[in-house]
Structures are given as structure tokens and as C-alpha cells.
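Step one of this worksheet: look at the structure below.
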4 protein chains.
Amino acid sequence: MPEIALFGAGRIGRIHAGNIAAQPGFRLRYVVDVNAAAAGELAALHGASSTDVEQALADPAVTAVVIAASTDTHADLIARAARAGKAIFCEKPVATDLDGAQSCAVAVAAAGVPCMIGFQRRFDPTFAALKRRLDAGEIGAPEVVVLTSRDPGPPPLDYLKQSGGVFKDMLIHDFDVCRWLLADEIVDLYATGACLSANAKLAGDLDTAAVTLRSRQGRLCTINTSRHAAYGYDQRIEVLGAAGMLQAGNHRPTEVTASLADTVSTDVPEPFFLERYRRAYAEEMAYFAAILAGKTVAAPSLSDGIKALELAELATRSWREGRALSCSV
Amino acid sequence: MPEIALFGAGRIGRIHAGNIAAQPGFRLRYVVDVNAAAAGELAALHGASSTDVEQALADPAVTAVVIAASTDTHADLIARAARAGKAIFCEKPVATDLDGAQSCAVAVAAAGVPCMIGFQRRFDPTFAALKRRLDAGEIGAPEVVVLTSRDPGPPPLDYLKQSGGVFKDMLIHDFDVCRWLLADEIVDLYATGACLSANAKLAGDLDTAAVTLRSRQGRLCTINTSRHAAYGYDQRIEVLGAAGMLQAGNHRPTEVTASLADTVSTDVPEPFFLERYRRAYAEEMAYFAAILAGKTVAAPSLSDGIKALELAELATRSWREGRALSCSV
Amino acid sequence: MPEIALFGAGRIGRIHAGNIAAQPGFRLRYVVDVNAAAAGELAALHGASSTDVEQALADPAVTAVVIAASTDTHADLIARAARAGKAIFCEKPVATDLDGAQSCAVAVAAAGVPCMIGFQRRFDPTFAALKRRLDAGEIGAPEVVVLTSRDPGPPPLDYLKQSGGVFKDMLIHDFDVCRWLLADEIVDLYATGACLSANAKLAGDLDTAAVTLRSRQGRLCTINTSRHAAYGYDQRIEVLGAAGMLQAGNHRPTEVTASLADTVSTDVPEPFFLERYRRAYAEEMAYFAAILAGKTVAAPSLSDGIKALELAELATRSWREGRALSCSV
Amino acid sequence: MPEIALFGAGRIGRIHAGNIAAQPGFRLRYVVDVNAAAAGELAALHGASSTDVEQALADPAVTAVVIAASTDTHADLIARAARAGKAIFCEKPVATDLDGAQSCAVAVAAAGVPCMIGFQRRFDPTFAALKRRLDAGEIGAPEVVVLTSRDPGPPPLDYLKQSGGVFKDMLIHDFDVCRWLLADEIVDLYATGACLSANAKLAGDLDTAAVTLRSRQGRLCTINTSRHAAYGYDQRIEVLGAAGMLQAGNHRPTEVTASLADTVSTDVPEPFFLERYRRAYAEEMAYFAAILAGKTVAAPSLSDGIKALELAELATRSWREGRALSCSV
């Protein structure tokens, strides 16, 4: 039975801890965090121990690691876990920059360990069903992808300042979804946006953005993003194909409809990613278990993680330079 | 070209006048109303003349009559028009009671003229599409029909007092829709209801009712009605068949959706029958034109009108006696 | 920490076992089933033991029982558990007939133990939200309730023969929902139906039914039921109130919409009760935990269970006798 | 009573003829077309005469002209009608190129006649309701506009070759809608696309395009277009504002929903612009009547028509040059 070391006891670490504990055949052995109290508490909740990175990686009972620590530690932890021969699940993004990502990729390749990146949207039941139906040819070849990706409200200024910018912080998910849906590589992109809130201005960032991407086979993808959708977390996919269209809508807490004097109304979408992607997080951990069991290969792979990061960096440059840019690929 | 005499220059008469005028090949020749001013005004609007019943029926140029006068005149006008050899379109109900309806049916049969009853719901694009798809076998044999039929607000007390009661006044449409959808005759029914408003109490009537009908072939229909749906005019059909379900929803003025902090909302239904059934009224007049052109037969027929009236009277008795009743058929 | 004895290791017993195990503060101690192998397997899955009724009830560590055994054992198990001083959760229906239900009620009253009946629909997130909003006055006083309750396909003949008939077997849930929503008692009802399938005929039962109920305050409820909805499990509520309407729609597995040449389509509803009411079953066990913790009172209560059974028996008589019947209350 | 001369008896000319005839207070006096037979037939249908441009403009009874002839005649006809002192309604686009548009604008300004451009989408009931609610502040200031604009199938090669390209032919409507919704001028844009069909390739055109525009106040608009949406004519608007989102959906022929074994489906959208914008064409003619009656001013104005044409030319250049371009304004 795979025993798991979890790095990171914050919000996303706690989700992974719960899913590891609930995953048949998995055992959570260690929780590691710079905040020792948080690590201890989370470990206790699931019958695990808290420890440090060295000890966790040195323990031969540990088969796999789940990395959910702060972004600036990802690349280093991936490389160390790879050298220790552990299978790896790492939250997105792979690294804060492309150099870091590529160097840890060398370590993973050398070790030959599986490495899965936590783009959980691929495991959302609605998105996954859309992808299956697209691949099954229900609407023919995809021609246009439209992604809507809006947060309910902007994060605090401190977060924004160290976030790497909206393209790395938010749209990296959408870049992955774009590549995943099109099953094609991007050849050029154009990114633009607006800064409508005080905090985004202070952070030198955008809070509203639009990116247009073109793939090798001439398929288009447009992504539109905002940091503040007043009605909640808005996560939609639309794919136009040669024979029709598939759309993935938002999830709602209930299916109640109210017909009153002036409006017929339903619930707003689930409030944020913890609610919307609750099942996706569970499904991705089940997929990681299937990788460890040798039933499937790592996907989204480390390479997927690096390509999404490349697109995020390119989009950032495109916006700053005000022009369309080609991918170096 | 058929020239038409229109009896009745009230609300529904004005709708028919407009549709007669717009119907290619029809000419509105006369408008007749006890209110001579109203008749004259409506006639002038469409280039017709106002006159009285005798002269309208005596004019050989008049091929057909459209009866939209008050309910208590229907049976007499039908009989007189039939004896004058005119084709007849008459608003529902055929008569205020069954005896009147049956006696005018004798005159129509004797004259051999076509007689169409204005159950306009059969011509609503949504209801007609549902019926076509049902008849085409899309959901197999119908098993259960659920009709929702709610007015936006109760009529004034004066209207209620002379309306004949909710079953004759409102549900007569639903009894026709029930027979039309099932293409089967009713063998028994049970009607019950409630009186939740002051006016309905004063009129000795119900404002909320539920009727359950069973057909020869064992199919069920439930009708639920209210005089006051706060969100507008609610007109829905649901048919469960052996292989699926067809539902006819309400029509909305626009397709705008608003996502705000607390709700995602769309328009309420069209406010009342004039808006909801605007196209149905035009379509039924086009159908009457097709009857006159010999391209089709009268439907809903006078017999349909009488059967709906029988069910309305039976439902009234069922409610008053508190028991299920069999149809005499 | 409450330790629980579970009676019944069948389909519904396994659901309860999982929810008991997942309920913080609960411990599953015993599983009891006439099928000892099934009991043993289910017990092992959750770290419990299998035993017999006597031993389970004799163990002072057992605070509460969950009864999910066959219907004919419910009343006896409730009475014995009550006499042993255990808190009780019992699946619907309370008993196969009213006499049995009333005699176990005496035992429960004498023992003063809490007794909750498993009408899980009250805990469905969508239905519960509708009820909260209704009680909060969003649409004013309720006037008409329309319940749609359709199974995806008929059970086998053997099941049908011992089911007690469609009113006790299926509609008992709807009778409870009707009373719960209206917060009022029923004064009369009329039940009718049809038998459109071979098995229902052989079992002397209906497979399609319509029931109309009237409450003390003059509110109406219509229930329409079928044993075979080709499109899945159809569970809807509609409440018309003085100021609007609330509707509870079906739940769908995903939010994908496909626009093809001829149709725009979405998923069919969740296939059956295990999927649709998965969360409801978890929520009702959490509610039972709250009862045991003294935070709330048993609801649906044993009395609710008995009243639903009374309505089911009355509906059966109404159908057989072809007439409306008053409640004895 | 304004008498109207209609130039153009083709598909769109026939629609305008019907709406002129139905417009209270309007009289259709002349129909002019290079195809004399078509002009004669359309004139006869509405009790008008056919004539030539000179005579129509020389007749002092003619107050206004409606220009629906081929695009290459628009600018010349506008200029001549202006010099003749007629009020002008002209189909989009104003001219085949910007020079032509600007020169006729000089003539209109000199004559001081009203000139309305036929961007009928502004008069679609759904789009107009969205705009009213946006202007009323329902979602706060607009931040992002997403326009979906897809035709059901590509036009023939001959049409494509003389169409001026997808940006002038199709997206000119969307450029107008973008400016109208934002009530702001565009400062830069980026257009890209793909050519996925044989005919578009032969015509040297795109059949799939994406345009991103930025306005003075930093608002974004993305437009996505295709020449072949298998499910019909797809015309949607989405506006994200500071306090919510407004969406305008497609119109459907009926409100029937079918629940079958595998899908729950509704109608596809109205098939093409004649059906979708039937009411919009009538409303815009009513608006033109209001201009003639002095009740309102021309809108969309000739200046709106020119600005949309500028954006279409800029988008064409942006696509050809592969880079974002600033507006000269």
C-alpha cells in the first residue's frame, strides 16, 4: 500500500490530505510544513505524523509525495523527491519561472519517476465529460474554444504582489485546458487586458484579461478572465466543432427555481474553487493512485505543466509589449 | 375571396379583426356589435362597415362569420349563421349551457356548413409542435398528461358572477387540450379546489382547482389551475409517454439572463393570453381560411366544443358533490 | 461517542453503514442481518462486528439503532429497541400496516426514546432549500403543491407482489413531502390510476397514479407517479404560493450542453435514488447525530411516519373504491 | 404621411417593403431595382409603382428613401438622396470602403437630412432589453463584452469573393454592437482567424475569426465568429459588469423540451437572420418612422456606420499583418 508524504498543510494541502485519507489503498504517513503546528494538526486529523522534508524523503516506506507547499518550493521539492525515487504529485505551477521548471524536469527524467501536475480542472465531472464527448467525435474536429474563467473577488494585495501576475496565477489553468481540449500545440498568442481595481494597479497587474491563441492546425482559443465576478466563480468551456458545439456550464448548489413578480431565478454558481472543484480534487487523487498502481501514465504530465508555464510567460510578455508573439516551439 | 362578418368588437373581436384583415384572401366586410360606436370604430380601422346581424347574414357576399360576441349570444348566432348558409368560426364556449350547444349543433348539421370553435391553444407554436411530435411517436403512447393553467390575476367580481364558474370559464380550454392530446375520450373525472380570495368567495366560485381525468384507454390527465399566479400567465403542458416526456414551457418576452450577487434570473412569462397566444390567434384564423378554401376540415369542431363543455359541467358537479363522476358517453 | 447497531445489510443498509462510518462522533459497532455472511462482510468493511438482535440490544455500549432490515421487521425492531432504551432511526415505512405502526408507537412513547423515520427526501439539498425558502415566506402562503415522482423502471414481479402496492411503496414518500411542505394536515383525498404494464397487472397493482389531496386550510396537492420514466428518475416539486412559485428540479450528472444539427441537449436526470439522494442519505444521518447530541428533535418523527402510512392506506382504498375519502382525523 | 421610395427588391428589400407597408403612417410609393421585373412584382404586392432612381428622387411626394440595393450602390444613393433632401435609411454597410463612406457623409451633412444605418441588431427585443438594463445600471459599469456571432453555413464562393471579407461582411454588425454596448470608442484591436473550408480559402478569406478590442476606458470586447455553426444561427451577447453579468441568448422557434432515454433536449436556435431578426427589422422601421416624425434622432447614425466600417478595415489589416493595431482616432 503506497504511503504518502504530503508537503504543505495550508488550504489546498488540507484538501489533498482528506482525499489521500479517503483514497482506498493510500495511507497518509507524513505531513510536512514550515508551520509545524499546522503540520501536526493536519497529521493528527488523519492518523499521520509530522516531520521534515529530509526524513520524509529518507523513509523507504514512503512511495509517493504530494506537493502542496508554496509555489517557490515546488521545483526544489520535485527535484529532491525525484532523486529519492518517489512518485510525485505537484500542485500547479511547476515553478515560479521556466528555468526552475526545466531544471527539475531534468531530475525527474533522470530518476524515471512518474510526475503528475495538479491541473484539477481536467478531472471536473463536467469538463471531463465534455472532453470525452469531444474526443468521441460528437461535434467533429474542434475549431474554436472559448474559456470563461472568473474569480468571485480579487485576492489581497499581498497575495497579488507575489502571485507572478494574472497569467501565471489564474490563466495557467486555462492554458492547460486549452492544450488539453485542442490536443494541439499553440503557435502564437495575443494577450491584452485592463486594470480596473486599485489593488491590481498597486501590484502592477491586470485584473481583466483576454488572450487569443492559435494552434498548429489553425484552431482558435479565446480566454476571458476577471478577478471579480459579482455572481460567483464562473468556469465555463465552449467548444465549436465542425458538427456542433459542446458547452460546460457552471455548477449550482441546488436546482431550485423561483418565479416571482419580476424574475424567474435560479442559484448563482458554486462560490469558489473549493466548492466547484471538490469532486475534481478527489478524482485527481484517484487518478494519481491509478498511476501508482501502474494502470495509467502521469497526466497532466510535468511536460504539460511546463508548457502551460511557457504560455503564461509568453502571455505576460505579449501584454507588456502590446503585440502578438509566436511560441518558440 | 371570402368576405367575413365579425360579431363582437370587444377585446377578442379586435384581435380577430386584425387577423382577418391580415389574412391573405380574406376581406372583413362587416363588424356587428351592440355597442354601435365600437363596431363603427373597428370597422373603420379595417375598411369595413358596421351593420346589424340581420343585414350581415342577409348579404350573399358574406361567406363566413366570426363570432366573438358575449357568450350568451354564441348559440343563437351559430344557429342563425348556419341557417343563412355561412361558414362559422365561434369563440369558445359554444354556449352557456349544454342544451344551447346541442340545439345549435342541430342547426349546423342541418345546414352542412363548417363550424370551427376558437380553442386557440391548439394553434400555439409550442403546443402545436408538442402535439406533432407526440403524434409522430417521439415518446411512444401517451400515459399521463399534466396541464398547468394559471391566470396572472383574478377578474373583477362582476365578471366572476356571470362567468359560469372556473371550470366553464378557464378550464374549458384545458378540457379541450386534454382530449386533443390524448386523442381519446374521458370516462370519469374528479374535480376539487379551493377558494382563497374574497371575490371568488362572493361569487360562490373556486379560484384554485385540480381535476383528474381518466380516458377510455386508461390514460390520466391532471389539470391544475389558479386565478392568481404572481409571476404571470402560466401555461404549460407535460406529457409522459412510454418512451419519454414532452414538455411545453412558457414563452418569455426576451432571452436575457442576469447573473447578480444572489440570483441568476430570466424574464417572467408573457403577461397574459393576448401576448402568449398572439401567434395562436393568427394561426387559427389562417386555419379557418384553409377550411373555407376546402383544404382541411373544421377542427376544433363544434363537437369538440360541446365535449369540452360537457366536461366543464361534469367537473362543476364533481366539485359541488365532492365525488368522482363518470361521463355519460 | 454513540455506538450504533445497524439492522439490515442490504442495499440501503450498506448506504447507512457508510454514512454512519463517515459521521464524526459515530461508531458502527454491530451489523445484524438474517444473511450472516452479508452482515459479516459489511461489518468487516467498517471495523464493526456482526451479531444478532438480542446481543446488539443487550449491549449497553450501543446507544442507538439504525433499522434498514425488511419492512415486515420494522415495527417489531422499533418496539424492542425502544424497550431496550435505544434511540431509533428507522427506514420508511414504519410498518406494513397501521396497526403495527401504532403498537410500536406505544412502546416508543413509553420508553421516551427519540425515533426518527428515514424520509430522506426532506434532506435532499434542493428540496431542503425549497422548504427553507417557502418557510421564509419567499412566495407567501403555499396554495398548491404539485409533486412528480417517477421511477426509471418497474421492479420485478416478486418485489411488486409483496410491496404493499404503489401507494405504500412509492407514494409514501410523497405523502410525507406533501405534509412537510404544507405544514398542514390532509382532510380528504382522491386517488386514481392506470395499469399499463404486464407485471403491475399480475400483481394487482397500479403503475401510474394520480392523487389529489386537500388540507385543512384549503391547500391542494396533486401527486403524479409512474413506475417507468424512460429518461430516468424524475423527482420534482412545485409549490405555488400567494406571491410566486418555487420549483425543485432534477439533478444532472454533469452540466454539459450539446448543440447539434437538430437539438440542443443536456444530461438526463441522475438514474435512480441512490445517485439522486446520495447527499440526502448523508444529511439525514448527520441529523440523527444531532438528535443524539441533544441539539434537535426527531423529525421526520414516528408520528410523521404513521401519518404517511395512513394516507397511503387511504389512497389505496380511494383507488379501489373509486371515490374521494375523508381522513378520520 | 411620409411616402417612401425603396431601392432594392431583393431578399432584404422585400423585408423592408413589408415593414414599410405595415408601418402606420408610412406609404410605400416606389420600388426601384435594376431587375425591373422584381421591382414591379414587389411594388404590385404593396400597391406601389416601380420606377427608376431619378424619378423616385425627383418626386416631391417622396419624403424618405430606404436603401437596400447592392452594397456598391449605397454611398452613391445616400449622396443623391441627401442632395434631393430625402431622409435616408440605408442598409449596412455604408459603402464598400471608407473613402466612399466619408464622401457621402459630406453630402448628408451638407443637406442636413437624417440618415439612419440599418444595424438591425440594436432593435432585437433581447439585445435591446439587455442594453436598456445595462444603461439602467443593473450590473454597474461594463468591463468585458463577449460577442458570439456565427452563421449556420457559408455563403457560395461568388458571394464570398465580392463580400469584402469576413470582417466587413459579417463582423461589421458586431463592431457596431460593441461600440453601442460599451458607449465608448475603441483604441486598439487584434484580429486573427482560421480558414477551415475550401471556399474561404479560394476567396482568400477567413471563415473563423477572433477579434479583441480595447476601449478608451479600458473595457475589453472579444468577438468570436464562424461561418458554419452546425446547430444554426448563433447570436449571443455577454456583458460582465462591476456588479454582475447580462447575457442575451438565442431565440428558439418553440419552447418544447423532450426528455428521452439519453438526452433532455430543446430546439436549436432560429435558423438564420430572417427568422431571428424578424422583429428587429420591424422595430427598426418603426424607429425610422419616429425619426421622420421628429420624435427622435437617427441612430445608428451615419457616423456609427462609418466607425463600424473603420473597425472592419482595421481588423482586416490586423489579421493580414499579424499584429495589434491602434485606431487613428
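The values are calculated or read from the model by the stated rules, or taken from the named source; none is laboratory data. These figures come from a predicted structure and were not determined experimentally. Every residue, glycine among them, receives a Cβ derived from its backbone with ideal geometry; neighbour counts consider all protein chains shown.
Given B:Ala95, B:Ala84, which one is farther than 25 Å from B:Ala293 by Cα and either touching a His at 6+ places or on another chain (Cβ under 9 Å) or in contact (Cβ under 8 Å) with a residue 12 or more places away in the chain (or both)?
Just one listed residue meets the conditions, B:Ala95.
Among the numbered criteria (1) surrounded by fewer than 22 Cβ atoms within 10 Å (Cβ to Cβ); (2) farther than 28 Å from A:Ala261 by Cβ, which one does B:Pro142 miss?
(1)
Given the options B:Ala258, B:Ala282, name the one that is small (Gly, Ala, Ser) and more than 25 Å from A:Val268 (Cα to Cα).
B:Ala282
What tally of residues in region C:21-59 results from selecting those that are over 19 Å from C:Ser70 (Cα atoms) and within 23 Å of the chain's Cα centre (by Cα)?
Qualifying residue count, region C:21-59: 5.
Tally the residues that are in contact with a strand residue (DSSP E or B) (Cβ under 7 Å, 6 or more places away or on another chain) and closer than 14 Å to B:Glu275 by Cβ, restricting the search to region B:238-257.
4
For region B:107-115, does any single residue satisfy the condition of being away from chain D (no Cβ under 14 Å), crowded, with 17+ Cβ neighbours inside 10 Å and within 19 Å of B:Ala9 (Cα to Cα)?
Scanning region B:107-115 turns up no residue that is away from chain D (no Cβ under 14 Å), crowded, with 17+ Cβ neighbours inside 10 Å and within 19 Å of B:Ala9 (Cα to Cα).
Of the conditions (1) at pLDDT 95 or above; (2) touching a Pro at 6+ places or on another chain (Cβ under 8 Å), D:Ser197 satisfies every one except a single condition; which number is it?
If we test D:Ser197 against (1) at pLDDT 95 or above; (2) touching a Pro at 6+ places or on another chain (Cβ under 8 Å), just (1) comes out false.
Is there a residue being among the aliphatic types (A, V, I, L, M), more than 14 Å from chain C (Cβ to nearest Cβ), over 16 Å from B:Thr71 (Cβ atoms) and in contact (Cβ under 8 Å) with a residue 60 or more places away in the chain anywhere in region B:151-159?
No - not one qualifying residue is present in region B:151-159.
Picking from D:Val65, D:Val32, which residue would you name as being touching a residue at least 60 places away in the same chain (Cβ under 8 Å) and either among the aliphatic types (A, V, I, L, M) or surrounded by fewer than 17 Cβ atoms within 10 Å (Cβ to Cβ) (or both)?
D:Val65
State the number of residues belonging to region C:123-145 that are within 14 Å of chain A (Cβ to nearest Cβ) and either basic (Lys, Arg) or more than 25 Å from C:Leu274 (Cβ to Cβ) (or both). So that I can check it myself, show each step before the final result.
Taking region C:123-145 and keeping what is within 14 Å of chain A (Cβ to nearest Cβ), we get C:123-140, C:142-144.
If we keep only those that are either basic (Lys, Arg) or more than 25 Å from C:Leu274 (Cβ to Cβ) (or both) too, we end up with C:131-140, C:142-144.
Selection size over region C:123-145: 13.
Which residue is surrounded by the fewest Cβ atoms within 10 Å (Cβ to Cβ), if the candidates are limited to region B:209-237 and must be hydroxyl-bearing (Ser, Thr, Tyr) and in contact with a strand residue (DSSP E or B) (Cβ under 6 Å, 6 or more places away or on another chain)?
Here the answer is B:Ser215.
Please go through region D:173-192 and pick out each residue that is of a type in the set (Val, Ile, Thr) and surrounded by fewer than 22 Cβ atoms within 10 Å (Cβ to Cβ).
The answer is D:Val187, and nothing else.
On the basis of being touching a residue at least 12 places away in the same chain (Cβ under 8 Å) and within 14 Å of chain D (Cβ to nearest Cβ), does C:Thr316 make the cut?
Numbers: touching a residue at least 12 places away in the same chain (Cβ under 8 Å): yes; within 14 Å of chain D (Cβ to nearest Cβ): no.
When the stated conditions are applied, C:Thr316 does not pass them.
When you look at A:Leu206, is it crowded, with 18+ Cβ neighbours inside 10 Å, hydrophobic (A, V, I, L, M, F, W, C) and touching a residue at least 60 places away in the same chain (Cβ under 8 Å), yes or no?
Judged against the criteria, A:Leu206 is a match.
Please go through region A:197-240 and pick out each residue that is part of a strand (DSSP E or B), among the polar types (S, T, N, Q) and more than 14 Å from chain B (Cβ to nearest Cβ).
Within region A:197-240, A:Thr208, A:Thr212, A:Ser215, A:Thr222, A:Asn224, A:Thr225 meet the criteria.
Please go through (1) closer than 30 Å to B:Gly204 by Cβ; (2) assigned to a helix (DSSP H, G or I) for B:Arg323 and return the number of the only condition it doesn't satisfy.
Failing condition for B:Arg323: (2).
Within region A:285-295, does at least one residue satisfy the condition of being outside any helix (DSSP H, G or I) and touching a Lys or Arg at 6+ places or on another chain (Cβ under 7 Å)? Don't jump to the end; show me each part of the working.
Going residue by residue through region A:285-295, those that are outside any helix (DSSP H, G or I) are A:293-295.
Filter once more, keeping what is touching a Lys or Arg at 6+ places or on another chain (Cβ under 7 Å): none.
Within region A:285-295 (the criterion being outside any helix (DSSP H, G or I) and touching a Lys or Arg at 6+ places or on another chain (Cβ under 7 Å)), the answer is no, since none of the residues qualifies.
Identify, from the list A:Ala105, A:Ala82, A:Ala37, the residue that is out of contact with any Pro (no Cβ under 7 Å at 6 or more places or on another chain) and within 17 Å of A:Ile4 (Cβ to Cβ).
A:Ala82
Pairs only if they're at least six apart or on different chains, beta carbon under 8 angstrom, first in region B:289-305 and surrounded by fewer than 21 Cβ atoms within 10 Å (Cβ to Cβ), second among the basic types (Lys, Arg); list them, first residue then second.
Listed pairs, sorted by first residue: B:Ala299/B:Arg122.
Of everything in region C:130-154, what is assigned to a helix (DSSP H, G or I) and more than 18 Å from the chain's Cα centre (by Cα)? Give them in sequence order. Working first, answer last.
Kept after step one, since they are assigned to a helix (DSSP H, G or I), are these residues of region C:130-154: C:130-135.
Within region C:130-154, C:Arg132, C:Arg133, C:Leu134, C:Asp135 meet the criteria.
Is there any pair linking a residue in region A:270-282 that is within 22 Å of B:Asp262 (Cα to Cα) to one that is part of a helix (DSSP H, G or I) and modelled with pLDDT of 95 or more, with Cβ under 6 Å and at least six apart or on different chains, and which?
Going by the 6 Å Cβ cut-off, the qualifying pairs are A:Glu270/A:Arg276; A:Tyr277/A:Gln120.
Can you tell me which residues in region A:253-268 are at the interface with chain B (Cβ under 8 Å from one of its Cβ atoms), under 31 Å from the mean Cα position of the chain (by Cα) and either outside any strand (DSSP E or B) or not acidic (Asp, Glu) (or both)? Outline the logic, then answer.
In the first step, residues of region A:253-268 are kept if they are at the interface with chain B (Cβ under 8 Å from one of its Cβ atoms); the result is A:258-268.
Remaining after also requiring under 31 Å from the mean Cα position of the chain (by Cα): A:266-268.
Scanning region A:253-268 gives A:Thr266, A:Val268.
Looking at region A:105-114, which of its residues are in a helix (DSSP H, G or I) and among the small types (Gly, Ala, Ser)?
A:Ala105, A:Ala107, A:Ala109, A:Ala110, A:Ala111
Could you list, in sequence order, all residues of region A:155-179 that are closer than 18 Å to A:Pro271 by Cβ and either touching a strand residue (DSSP E or B) at 6+ places or on another chain (Cβ under 9 Å) or part of a strand (DSSP E or B) (or both)?
A:Met170, A:His173
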